[in-house]
1. Say R0 is 25 Å: what FRET efficiency, to the nearest 0.05, do Tyr77 and Arg99 get from their beta-carbon distance?
2. If you compute Rg/Rh (Cα atoms, Kirkwood Rh) for the structure shown, which of (1) 1.06; (2) 0.99; (3) 0.94 do you land on?
3. How far is the Cα center of region 68-85 from the Cα center of region 1-64, in Å?
4. Looking at Phe100, Leu70, Leu82, which one has the Cα that reaches farthest to the positive end of the dipole of the chain (charges on Cβ: Lys, Arg +1; Asp, Glu -1)?
5. Quick query: amide H of Phe41 versus all other amide H atoms, modeled in the peptide plane; which residues come in under 5 Å with a sequence gap of 5 or more or a different chain?
6. What are the GluC sites (Glu not before Pro) within region 6-104 that DSSP puts in a loop, where the Cβ has at most 14 other Cβ atoms within 10 Å?
7. For region 32-44, take each phi angle, set θ = phi - 60°, evaluate the Karplus expression 6.51 cos²θ - 1.76 cosθ + 1.60, and give the result in whole Hz per residue in order, putting x for glycine and proline.
8. DSSP loop trypsin sites (Lys or Arg not before Pro) in region 22-71 with at most 15 other Cβ atoms within 10 Å of their Cβ, which ones?
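Computed from the coordinates by the stated procedures, all read-outs in this text should not be read as laboratory data. Because the structure is a prediction, the values reported are computed rather than measured. Heads up, the Cβs are rebuilt from the backbone with ideal geometry, glycines too, and the neighbour counts pull from every protein chain shown.
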Amino acid sequence: MESTLIVMAGLVLLGILFSFGKGSFLIAGFNTMPKEERDKFDKTALTKFMGKMMFALAFSQVFMLLSDILEIGWLFYFGLALFFIIIFFILYYVNTGNRFKKIQ
């Protein structure tokens, strides 16, 4: 239960940081791009999107926490499935459609 709370707190803190358009250096893949490549992206839009996604991931952790508190096993699996669905959505959304590219 404590580890779930720690993960939730971390995701919420990241969500808050990203929601202000800060912390792009914490986004894996983005921080390893050459500077010229990073400049082609709208960092503020990307970080704000990732902030929303961190809140969504923290929400999925609520079901895992409730599973521990209420001792209902299927809630854990529901939260885990929701967590992976959100991850796959993030990967799909960010990597298709050039949504975060700056308009030249």
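1. Given R0 = 25 Å and the Cβ-Cβ separation, E is 0.20.
2. (1)
3. What the calculation gives is 22 Å, centre to centre.
4. Of the candidates, Phe100 comes out farthest on the positive side.
5. Correct list: Lys102.
6. Counting only loop positions with at most 14 other Cβ atoms within 10 Å, the GluC sites (Glu not before Pro) in region 6-104 are Glu71.
7. 9, 6, x, 4, 4, 6, 4, 5, 7, 10, 7, 4, 5
8. Listed in order of number, the matching sites are Lys22, Lys40.
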